[in-house]
Amino acid sequence: MVPRVDFFYDFSCPYAYLAHTEVETLCARAGAELVWKPFLLGGVFKAIGSAGPAMPPSKARHNLLDMYRWADHIGVPLRMPAGHPNRTVLALRAALSAGTELARASKALYRAYWVDALDISDASVVRAALDAVGLDGAALLARAELPEIKDELRTRTDEAIAHGIFGAPTFIVRTAHAPDGDLFWGQDRMMFVGKALGGWRAPAPGAGL
Amino acid sequence: VTSPGPDGSSAGGRSATGPRDLLFFFDFASPFAYLGATQVEGVAARHGARLFYRPFLLGGLFKQIGTPDVPFFAMPAAKQRHTSADMVRWADHWGVPFRFPSRFPMNTTKPLRMVLQLAEPDRARLVHPIFRAYWAEDRDISSDDVLAEIALDAGLEGRRLVAMARETRWKNALRSATERAEQMGVCGAPCFMVREPTRPQQPLLFWGQDRLLLVERALQGWQGGPFDGQPQELPEDPAPPTRPAPERWPALAALPESITRVPLQEPTRFEPLAPSRAAQPLDEPSHTNVRAPLPSAPEENTRPDHRGPLPSLSEEVTRDVPGGPEGAPSEPPASMTQVGFVRPDSDEPE
């Protein structure tokens with residue numbers, strides 16, 4: 001079977017932004033199929049109660065420095081918009097409206113959020129971002145209001161929960177060794193995704209090494 | 001002699017002005033600290049860094065910074081599953097033995113105090129066997145007999161180290177070490193701090209064994225992201241990140257309640273130091289050379305065993321005060337305090 005990576009993401013997560021800059025190369029190198037899987041992170045948090053308490057200051061500080069360190073390490077720009085986290089429901093629906101152009105729309109919206117530091121809860125920002133990559137922003141925004149698109153985002157979020165997803169980015173890697181898929185959470189686990197695509201599979205938890 | 005780079009770094013992994021320091025903050029209680037410990041000597045050696053072992057009580061730190069005592073219990077089931085798989089993956093990735101212990105959580109105060117008794121050059125001999133005993137061999141590292149045997153096998157005076165671990169001064173030493181770790185921004189285990197000789201007041205702190213590749217870059221002169229060393233430029237009002245902080249506790253779902261809820265033998269009650277303590281130049285008992293007679297009093301604070309000068313952590317804290325040689329403002333701007341910039345001077349007398 002052709003190895004496959006399902007890449008679960010929401011625009012509001014800086015680590016998912018970082019991951020999206022590398023995931024295509026990673027999959028191409030391994031000859032794997034890449035499937036873009038947008039979902040509403042807030043919906044997952046709400047469903048499984050994982051938003052958690054506020055981080056202690058030292059942890060919050062580390063977390064903030066950490067995302068900029070990773071951006072510097074992999075050599076991509078990162079700018080946090082003032083209002084972060086901004087609502088991404090509209091942007092996610094607009095991306096889904098793009099259908100076969102989902103990847104192109106997603107990259108444009110990531111750029112708006114994390115490179116241009118814009119508020120993508122604003123329809124005019126979404127439209128301009130999509131227009132800039134040759135998509136019809138106005139048409140996609142109109143489509144984003146359709147009930148079937150709203151339903152699709154709900155369905156995809158439910159699907160993420162059913163897969164055991166609790167955060168973003170998440171990678172579900174299916175290979176001949178793991179036909180049901182192994183789940184990896186975090187852009188900092190992408191080297192494990194790469195290894196898994198090459199056939200690596202660690203023992204199950206509980207087994208001695 | 002290689003010519004230094006613009007940041008004082010050189011290709012050889014050593015700063016132009018001497019070796020870099022790598023501080024390893026750990027508690028034996030954490031599986032991820034164990035995983036990090038299996039790598040830390042190699043990392044330091046590859047880059048010619050001086051390695052310092054910094055034991056601290058993770059439970060005490062959690063209490064201080066307001067993290068759930070065992071954060072794992074607060075995780076949703078899906079995250080627990082991933083965390084369980086994750087530690088096994090790391091062990092397999094690095095090719096190190098790993099076996100989730102049958103006794104968890106573990107009271108680690110005694111072995112941590114034993115490490116504190118040792119001079120820096122001797123610590124590695126004890127740290128690694130204790131980590132292995134708990135996280136690979138399923139041994140009870142709260143047992144005096146087990147600890148004495150491990151220490152003896154390491155060529156140390158096991159019985160004496162174990163006996164001294166019960167003394168008040170070493171209990172205080174662990175409290176002090178934990179307090180200092182917190183002051184230095186440690187927020188979990190393991191943490192790694194890279195200190196440049198050219199900018200010792202701006203160390204880089206990394207949390208997690210999964211940040212070791214960034215630690216290695218820092219040991220080659222990388223200075224982190226655009227905001228490292230420039231906390232005043234951190235964005236205003238950073239909201240809580242949308243991704244929950246990775247938790248560093250293992251999966252217990254498979255373990256019976258009787259095991260996961262075993263009460264600790266001793267309370268790990270953690271009292272903050274009185275403000276005056278942090279300001280003392282040295283507040284740690286002297287290291288015990290295991291082959292030499294015991295020091296007569298912990299207040300002596302002679303450090304005959306260190307190779308080369310080792311500034312006390314209290315000195316480091318003092319040097320970290322804004323307004324140092326870099327000309328930082330004497331009062332951190334609001335944005336720094338909003339994101340919880342650690343102000344190690346907060347306990348300093350006026």
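Laboratory data are not the source of any read-out in this text; all were calculated from the coordinates shown. Since we're looking at a predicted model, the values are computed, not measured. Note that each Cβ is placed from the backbone with ideal geometry, even for glycine, and that neighbours are counted across all protein chains shown.
Data overview
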{"quantity": "Highest-fluctuation residue, A:Met191, A:Met67, A:Met80 considered, GNM on chain A with Cα pairs under 10 Å", "calculated": "A:Met191"}
{"quantity": "Charge-dipole axis of region B:115-163 as Lys and Arg at +1 and Asp and Glu at -1 on Cβ define it, positive-most pick from B:Leu147, B:Ala136, B:Leu116", "calculated": "B:Leu116"}
{"quantity": "FRET efficiency estimate (nearest 0.05) - Cβ-Cβ, A:Ala138 to B:Thr198, R0 45 angstrom", "calculated": "0.25"}
{"quantity": "Separation of alpha-carbon centers, region A:1-54 and region B:128-184, rounded to whole Å", "calculated": "42 Å"}
{"quantity": "Mean separation of Cα contacts under 8 Å (6+ apart) over length of region A:1-109, as relative contact order %", "calculated": "33 percent"}
{"quantity": "Bridge type composition, chain A - antiparallel percent by DSSP, nearest 5", "calculated": "60 percent"}
{"quantity": "Volume of the Cα convex hull of region A:98-200, divided per residue and given in Å³", "calculated": "132 Å³"}
{"quantity": "Using θ = phi - 60° and Karplus 6.51 cos²θ - 1.76 cosθ + 1.60, couplings along region A:6-19 (whole Hz; Gly, Pro as x)", "calculated": "8, 9, 8, 8, 10, 5, 6, 9, x, 6, 5, 4, 4, 4"}
{"quantity": "Leading residue at positive end of dipole, region A:74-168 (Cβ point charges), from A:Val125, A:Ala168, A:Thr155", "calculated": "A:Ala168"}
{"quantity": "Estimated dipole of region B:84-223 in Debye, rounded to 20 [Cβ of Lys and Arg +1, of Asp and Glu -1, Cα centre]", "calculated": "380 debye"}
{"quantity": "Computed over chain A, Cα set: Rg, Dmax in Å", "calculated": "17.2, 56"}
{"quantity": "Karplus 3J(HN,Hα) series, Hz, for region B:92-106 with 6.51 cos²θ - 1.76 cosθ + 1.60 (x for Gly, Pro)", "calculated": "5, 4, 8, x, 10, x, 8, 8, 5, x, 6, 9, 7, x, 10"}
{"quantity": "Longest to shortest principal axis, alpha-carbon extents of region B:55-111, angstrom", "calculated": "33, 30, 20"}
{"quantity": "Estimated distance in nm for a label pair at B:Trp94 and A:Glu148, the labels positioned 7 Å out from Cα along Cα-to-Cβ", "calculated": "5.1 nm"}
{"quantity": "Inter-chain Cβ neighbour average for residues B:206-212, partner chain, 10 Å", "calculated": "3"}
{"quantity": "Under the Karplus curve 6.51 cos²θ - 1.76 cosθ + 1.60, θ = phi - 60°, whole-Hz ³J(HN,Hα) for region A:103-112, x wherever Gly or Pro sits", "calculated": "5, 5, 5, 5, 5, 5, 6, 4, 4, 4"}
{"quantity": "Formal net charge of residues neighbouring B:Ala165 (Cβ-Cβ distance under 9 Å; K, R +1; D, E -1)", "calculated": "+2"}
